[in-house]
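What follows is a single structure, written as C-alpha cells, with notes after it.
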C-alpha cells in the first residue's frame with residue numbers, strides 16, 4: 001500500500017528523482033542539509049539514502065532487462081560508469097549476471113528491511129505487511145499466504161505417484177460449472193493454476209493462453225511463471241487505488257464486465273476452497289506428505305515467517 005503524502009514520502013521522492021545522483025542533490029531537493037537528510041531518512045527507512053537508491057535502481061534494472069533492454073543501456077541508466085561495474089553489482093545482488101535475466105525470471109525485488117521496492121516505470125511500492133506490524137492489510141496477507149501455500153501444495157503433489165495424483169477422489173465434483181469437473185488432485189491443481197493464467201490474460205487484454213500440461217513438474221513451472229505476475233497486478237491495483245475499476249473481459253462469450261476488487265476476491269475465495277480440498281485429499285493419499293504441510297492457516301504462516 002502506498003503511503004500518504006508526508007515528510008518520509010518527500011524524502012523518498014528526493015532519493016528516487018532521476019536528477020538526484022548524489023547525496024547533496026537529494027538533500028537539496030528535500031530542503032535539508034546532507035547530514036539531516038541522511039539522519040531523517042535512515043530513521044524512517046532503516047537504510048541510508050544512497051543504499052536505498054542503489055538497491056531500487058538495481059531492481060529497476062532487473063525489470064528493464066526482463067523487458068529486453070540491453071545491459072549497456074540499463075547499466076548507464078542505473079548510474080554506473082561502466083558495464084563491468086554494473087555487472088559486478090548486479091551479480092552480487094541477484095546471484096546471476098545481467099545476461100541471465102529473462103522474461104521468465106520475475107523475482108526482481110531484493111531483500112529490504114523497510115518493504116520499499118521499485119515499481120514500474122520509476123516509482124516506489126511500499127509493502128503493506130512488513131513483519132511485526134499489527135495493522136497489516138488482510139488482503140495482502142491473504143494474497144501472499146495463498147501464493148506460498150500453493151507452491152507448497154504443488155511441491156507436495158510432486159511426491160505422489162501417478163496413480164495417487166490422478167485418482168478420482170470425488171466423482172463428478174464441480175467447483176464452478178464453467179470450469180468443468182475437478183475430481184482429482186491433478187484436476188484441482190491444474191484449475192487452480194489455470195485460473196490465474198486466464199484472469200491475467202483478461203486483465204492484460206491478451207488472447208486465451210494454452211491449457212498447458214498438468215503433471216506436477218509442469219504445474220510448478222507454470223505457477224512460477226504466473227505467480228509473480230499475479231502479485232504485480234494486485235500490487236498495481238492497490239498502488240493506484242483501482243479496486244473499483246471495471247475490467248471488460250473479452251475472453252468471455254459474450255464479453256462481460258467485472259470490478260477488479262471482486263476479481264481478486266473471487267480468486268482468493270475459490271483458491272481457499274481448492275487448496276483445502278487438495279490438502280484433504282493429500283492426507284488420504286499420503287499422510288506423511290500431508291503432515292509436513294500443516295493446515296494452510298495464515299496465522300501459523302505469519303508466525304513461521306517471524
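The values are calculated or read from the model by the stated rules, or taken from the named source; none is laboratory data. Everything quoted here is computed from the prediction, not taken from an experiment. Positions of Cβ are backbone-derived with ideal geometry, glycine not excepted, and every protein chain shown enters the neighbour counts.
Quick look at the numbers
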quantity: Breaking point among (1) surrounded by 16 or more Cβ atoms within 10 Å (Cβ to Cβ); (2) out of contact with any strand residue (DSSP E or B) (no Cβ under 6 Å at 6 or more places or on another chain), for residue 70; calculated: (1)
quantity: Every residue from the range 179-218 that is part of a loop (DSSP other than H, G, I, E, B) and either outside the structural domain of residue 152 (by TED's automatic domain parsing) or closer than 25 Å to residue 242 by Cβ (or both); calculated: 205, 206, 207, 208, 209
quantity: Some residue of the range 117-128 being modelled with pLDDT of 75 or more, in contact with a helix residue (DSSP H, G or I) (Cβ under 8 Å, 6 or more places away or on another chain) and surrounded by 18 or more Cβ atoms within 10 Å (Cβ to Cβ); calculated: yes
quantity: Failed item, numbered, when residue 186 is tested on (1) in contact (Cβ under 8 Å) with a residue 40 or more places away in the chain; (2) farther than 30 Å from residue 66 by Cα; (3) buried (at least 16 other Cβ atoms within 10 Å of the Cβ); calculated: (1)
quantity: Selection from the range 26-62 of residues that are closer than 19 Å to residue 95 by Cα and free of Cβ contacts under 8 Å to residues at least 24 places away in the same chain; calculated: 51
quantity: Which numbered condition residue 228 misses (of (1) more than 19 Å from residue 258 (Cα to Cα); (2) within 20 Å of the chain's Cα centre (by Cα); (3) at pLDDT 90 or above); calculated: (3)
quantity: Among the residues listed as 157, 93, the single one being more than 26 Å from residue 266 (Cα to Cα) and either at pLDDT below 80 or in contact with a helix residue (DSSP H, G or I) (Cβ under 8 Å, 6 or more places away or on another chain) (or both); calculated: 93
quantity: Residue in the range 254-270 that is in a helix (DSSP H, G or I), closer than 30 Å to residue 163 by Cβ, modelled with pLDDT of 80 or more and in the same structural domain as residue 176 (by TED's automatic domain parsing) present; calculated: yes
